[in-house]
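Colleague: Just passing along the structure, written as structure tokens.
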Amino acid sequence: MATKINLEHKFGKSVAKVWAMYSDRAFFEKKYAATGCTNVEVLDYKTSDKGFSITVRYDSKSDAPLPDFAKKFMAERITVTQTDAWDAASKTGKITTELKGVPMKLSADMKLEAAGKGAVNKMLWTLSSGIPLVGGKLESILAEDVKVKSARDEQASQKLLEAY
């Protein structure tokens, strides 16, 4: 069983400007700092004409209230390792996320495309837990956390986009 979430980040600038931001290592460092993450560290960054990938590790506090049963599986502060990988030609990407000590898998398929005079990054998140009985409840809690963090990420990205 898996939980799916469709989210969008909308921008008032062109796909080319958003791409320039997304493919900049410094953007990720600034974005995570702006969204309240701590101990931000870029573990890997590769770029070429074909696309780019970046892996960042950071500590993040849960924005979802954790019921007592969930505290057995998730700490309030989690170390996250996230890889964003993008293909330049198709403007499609994939996020893979590892939550240290949390029995959940998170990933997102992304597509950056023009939207009116701006651009939109369409994301389809997949959250899954292999824990019997409570896995679905954990997915629901984490889904709410992803929605809150995504909105914060979008706001920070919109502000940072002004520099591109």
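Colleague: For segment 2-161, what's the relative contact order in percent, using C-alpha pairs closer than 8 Å and at least 6 residues apart? Please report the intermediate quantities before stating the final value.
Modeller: Working: 311 pairs, mean separation 46.8, N = 160.
Value for segment 2-161: 29 percent.
Colleague: Sticking with this structure for a sec: Among the trypsin sites (Lys or Arg not before Pro) within segment 92-164, which fall in a DSSP loop and have no more than 12 other Cβ atoms within 10 Å of their own Cβ?
Modeller: On the way: sites: Lys94, Lys100, Lys105, Lys111, Lys117, Lys122, Lys137, Lys147, Lys149, Arg152, Lys159; in loops: Lys100, Lys117.
For trypsin sites (Lys or Arg not before Pro) across segment 92-164 that sit outside H, G, I, E and B with at most 12 neighbouring Cβ atoms in 10 Å, the list reads Lys100, Lys117.
Colleague: A further question on this structure: For Ser140 and Tyr45 in one chain, what is 0.36 nm times their gap in residues minus the Cα-Cα distance, to one decimal in nm? Each step should come with its number before you reach the end.
Modeller: Details: separation 95, 0.36 × 95 = 34.20 nm, distance 3.17 nm.
Here the segment from Ser140 to Tyr45 would lengthen by 31.0 nm.
Colleague: While we're here: For the chain, take N as its residue count and report Rg(C-alpha) divided by 2.2 N^0.38 Å.
Modeller: My calculation over the Cα atoms of the chain gives 1.04.
Colleague: Taking Rh as the Kirkwood radius computed over C-alpha pairs, what is the Stokes-Einstein D of segment 88-144 at 25 °C in a medium of viscosity 0.890 mPa s, expressed in µm² per second?
Modeller: Numbers: Rh = 13.1 Å.
My calculation gives 188 µm²/s for D.
Colleague: For Ile95 and Ser107 in the same chain, what is the full-extension length gain: residue separation times 0.36 nm, less their Cα-Cα distance, in nm?
Modeller: Working: separation 12, 0.36 × 12 = 4.32 nm, distance 0.53 nm.
Between Ile95 and Ser107, full extension yields an extra 3.8 nm.
Colleague: Name the trypsin sites (Lys or Arg not before Pro) in segment 14-69 that are in a loop by DSSP and that have at most 12 other C-beta atoms within 10 Å, would you? Could the numbers behind the result be given before it?
Modeller: On the way: sites: Lys17, Arg25, Lys30, Lys31, Lys46, Lys50, Arg57, Lys61; in loops: Lys50.
Sparse-neighbourhood loop trypsin sites (Lys or Arg not before Pro): Lys50.
Colleague: Here's a follow-up. Given Lys4/Lys50; Lys122/Lys149; Lys91/Lys137, which pairs have Cα atoms separated by over 26 Å?
Modeller: On the way: Lys4/Lys50 28 Å; Lys122/Lys149 15 Å; Lys91/Lys137 33 Å.
Long pairs (Cα-Cα over 26 Å): Lys4/Lys50; Lys91/Lys137.
Colleague: Follow-up question, since we're still on this one. Hey, what did segment 71-164 get for relative contact order, percent, Cα under 8 Å, at least 6 apart?
Modeller: Numbers: 116 pairs, mean separation 15.4, N = 94.
That works out to 16 percent.
Every number here is computed from the coordinates shown, using simple stated rules; none is lab data. It should be emphasised that the depicted structure is a prediction, and the values quoted were computed from it without experimental measurement. Cβ sites come from the backbone with ideal geometry, for glycine too, and all protein chains shown count toward neighbours.
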